[in-house]
Amino acid sequence: MKSATEVDLQTEGQMARTHYLNVDLGVKSWLLTTDHKRIGILYLCTILIFFVIASVAAALMRLELLTPQGDLVTSETYNKLFTVHGVLMVWFFLIPSIPAVLGNFVLPMMIGARDVAFPKLNLFSWYLFVAGGALALWSLIRGGVDTGWTFYTPYSTTYANSHVISMAAGVFVAGFSSIITGMNFMTTTHQMRAPGLTWFRLPLFVWSLYATSLILVLATPVLAITLALMSVERFWGVGIFDPKLGGDPVLFQHLFWFYSHPAVYIMILPGMGVISELITCFSRKQIFGYGFVAAASMAIAILGFVVWGHHMFVSSQSVYAGMVFSILSFLVAIPSAIKVFNWTATLHKGSISFQTPMLYALGFIGLFTIGGMTGLFLATLAVDVHVHDSYFVIAHFHYIMVGGMVMAFMGGLHYWWPKITGRLYPEFAGKLAAMITFIGFNLTFFPQFILGYLGMPRRYHAYPPEFQLFNVLSTAGASILGIGYLLPLIYFLWSLKFGRLAGPNPWRATGLEWQTASPPLKHNFKETPIVTGKPYAYSAQEDADLNLATV
Amino acid sequence: MPILTSPPSESALVAEQFDDIEQQRDAAKLGMWIFLASEVLFFGGLFLSYTIYRFTYGHVFMETSRRLDVVLGGTNTAVLLVSSLLMAFAVRAAQLDQRRALVRLLLGTALLGCVFMSIKMVEYHKDYVEHLVPGTHFEWTGADPSNAELFFWIYFAMTGLHAIHVTVGIGVLLVLALLASRGKFSGGNYNAIEIGGLYWHFVDVVWVFLFPLLYLVGHR
């Protein structure tokens, strides 16, 4: 992609005099901003807070599980720890992570727009998110919730003695922030593309955000109504999930998973989009099978709506329903595998350079593959009965969510950091952190596959002594993983002041977002770019000295 | 639809992220349709629950449905349908730049919304007096009292959620009427009227489904 109007590119080593960060100064200019780039940064700071709190909960759980006896915390506290870890990580970190931070920042730039379609709503969605987060934190401070992130009835409606309603209200409010973001992204992608930027010239990250938005818009309202019905039932004493009235608690599970399974794809599709950007850039190649990768995103989004029953194989759901859900779940493997194969084929004969974002991307491909394959074990009815509610499930979805989404988020954050801040992070520290994260992650979660297969159930604070070895390995891994996350926090902050100036396009990448200054101007481009070709035109763009500027 | 081309006044109406007023209008409409799709799924959870329990306890639902007041419900259906007609006229008035007609039609629509809510409140009061509100207060002399209670729970949940939407809609209409009286929507800038209208029609359509499902299933 080349813009007809050559934005006067700063030469390396100089920063533009005015850009979106210094065009207005002061707290008020941030809290009332409608600039998609600043809103992305607001989201980044907010989700970081929730990530830290939820990580502390995880650390406490891993410490408890170091020994077989339940000695560090009581079983009740342990229940609250895994609930807060799940609720905050899912709704207040993972779901907004790539869409609301990186998506907000780069989507309008990638399509050559000045902003999203509804900038004020965009800011409003952040306020809703903060309000939802505040409600969740308030329930935490008042004593927490012990239902698990799934809020299953009748425990949540009748028996739990914790602050279920305020926590559910927090998730409810944050849900509307997701809906607004999804609506905004879809409208932006439909209406605001630069001249010449047809649908099949869109970067794959835009495709994946579009597919994600479809899920955000169509699945989140079902969660909202479900949590509302659950909360009203808890408050009022009777309700539609109440067996006393002839109500069915399993109906709650159907409604909950109708949202929460697609939500899993909210937590992986944007990551896949980032990986497509990284793999092409750092192997200097056109993506292999562009149309298939784009269509696979849509296929995953659509298939994701019809597989929720695989969470309920042991819930008294009809065995025929179970068989259908099992087959449909297998189908999701096809578009997922297409992506993995196409990324691998893109690497083939590419000029690969192992910069930090690329290390995260390669880590993603391996870990996502393991997570996806073990998902097939779980989609198999008979195997699921054996490993259901065990650590096998925990390990499986952490390979997708942490090994997949968080790796992609970190890779994307490193990749676009020079664009966001105008400065480079220290490359050696970056590579080190990526390796530590990869090693720590595997050491934490691989032993959990074995634990689960041997029969250790999830959500217990004590366990038989024969499981201790793998639990010790897992806790040791978690400590290493913690360092892997702490390092970037330190060097990113350091780079804000001391990082080398990046210049407009330090990776020699092709996307439109790289054709404007770093940090970009308030409205991204001096003149609207005109797109004349396909994305990822790497081989064409290469000149004689190909070696990527070592940064 | 007349496309207005008067660049100087038009450029002032176009927000900075858009190229022209047409793009702005298309974006607003698309955004609203996407939001309404989301709303359909929001109500969808309740419609699904209704369907499942109606399937399971069909005979009880028939019997309990007869306790609802078809006359009041029917009147309310007519009220909302007429309000939607006025809203459609309001959009037309906005397109033709007829300010006074626009304000009157918006106020008329809001007024009918208020009539709907008043009738709904009368009905709720009647239900309360007749001990039809689920909870400790609930009394049912027929067969299967607990399943009857379930029906009324769904009835209150569905009509209650709908009533919240009507109330929000009335608020939106009043704000639009106020802005219209100040001439905010002149010269082709009637986006807000159109998307407000879409929302009002949506609220109307939801009721068109609720009325037969709740009030008419017991009648032959």
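Starting from the Cα-Cα distance between A:Ile327 and A:Leu493, subtract it from 0.36 nm times their residue separation and give me the gain in nm to one decimal. Intermediate values should be presented prior to the final figure.
Numbers: separation 166, 0.36 × 166 = 59.76 nm, distance 4.73 nm.
Gain on stretching A:Ile327 to A:Leu493: 55.0 nm.
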Give me the distance in nm between label points sitting 7 Å out from Cα along the Cα-to-Cβ direction at B:Val208 and B:Val70, one decimal. 2.1
So, in nm, how far is label A:Tyr460 from label A:Ser29 when the simple model puts each one 7 Å beyond its Cα toward the Cβ? 5.8
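Hey, with R₀ at 30 Å, roughly what FRET efficiency would A:Ser351 and A:Leu501 work out to, going by the Cβ-Cβ distance, to 0.05?
Numbers: r = 25 Å, r/R0 = 0.84.
Given R0 = 30 Å and the Cβ-Cβ separation, E is 0.75.
How do A:Ile141, A:Ile394 rank when sorted from fewest to most other Cβ atoms within 10 Å of their own Cβ? Please report the intermediate quantities before stating the final value.
On the way: A:Ile141 9, A:Ile394 21.
Lowest to highest Cβ neighbour count: A:Ile141, A:Ile394.
What's the FRET efficiency of A:Arg508 with B:Ile164 using the Cβ-Cβ distance as r and R₀ = 56 Å, to the nearest 0.05?
Values: r = 54 Å, r/R0 = 0.96.
E between A:Arg508 and B:Ile164, to the nearest 0.05, is 0.55.
Sum -39500 (n - 2.57) across every DSSP H segment of at least 4 residues in chain B, then divide by the residue count to get the 222 nm mean residue ellipticity, nearest 500. Could the numbers behind the result be given before it?
Values: 7 runs with 166 residues, N = 220.
It comes out at -26500 deg cm²/dmol, rounded to the nearest 500.
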Which residue, B:Phe42, B:Phe116, B:Phe152, has the most motion in a Gaussian network model of chain B that connects Cα atoms within less than 10 Å? B:Phe42
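Pairs A:Lys339/B:Lys29; B:Lys120/B:Lys184; A:Lys37/A:Lys349; A:Lys37/B:Lys29; A:Lys28/A:Lys431; A:Lys419/A:Lys534: which exceed 31 Å Cα-Cα? Before the final figure, lay out each step's value.
Details: A:Lys339/B:Lys29 34 Å; B:Lys120/B:Lys184 33 Å; A:Lys37/A:Lys349 36 Å; A:Lys37/B:Lys29 25 Å; A:Lys28/A:Lys431 37 Å; A:Lys419/A:Lys534 22 Å.
Listed pairs above 31 Å: A:Lys339/B:Lys29; B:Lys120/B:Lys184; A:Lys37/A:Lys349; A:Lys28/A:Lys431.
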C-alpha center-to-center spacing [the range B:24-40, the range A:195-259] in angstrom: 18
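Which shape class, rounded, prolate or oblate, goes with the protein assembly as shown when its Cα gyration tensor gives a ≥ b ≥ c as root eigenvalues, a/c under 1.5 marks rounded, and past that a/b bigger than b/c marks prolate? Don't skip to the answer; put the middle values down first.
Details: a/c = 2.05, a/b = 1.17, b/c = 1.76.
Oblate.
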Helix B:145-181 vs. chain B, principal-axis angle (Cα, 0 to 90°, nearest 10): 20
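I need A:Met186, A:Met410 ordered by Cβ neighbour count within 10 Å, fewest first. The partial results should precede the final answer.
Numbers: A:Met186 23, A:Met410 26.
Going from least to most buried by this count: A:Met186, A:Met410.
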Pop a pseudo-label 7 angstrom from the Cα along the beta-carbon direction at both A:Ala476 and B:Lys29 and give the gap in nm to one decimal. 6.5
For chain A, return all DSSP H helices satisfying: extent of Cα atoms along own axis at least 30 Å; mean Kyte-Doolittle hydropathy at least -0.5. A:36-64, A:119-141, A:164-191, A:204-236, A:319-347, A:356-379, A:427-454, A:468-498
With n ≥ 4 as the cut-off for DSSP H runs, can you work out [θ] at 222 nm for chain A, using -39500 (n - 2.57) per run divided by the number of residues, rounded to the nearest 500? -20500 deg cm²/dmol
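Percent of alpha carbon pairs in the range B:19-216 separated by more than 31 Å? Walk me through the numbers before you get to the answer.
Details: 5464 of 19503 pairs.
Result: 28 percent of Cα pairs exceed 31 Å.
Computed from the coordinates by the stated procedures, all read-outs in this text should not be read as laboratory data. Not measured: the values here are computed from a predicted model. We place every Cβ from the backbone using ideal geometry, glycine too, and count neighbours over all the protein chains shown.
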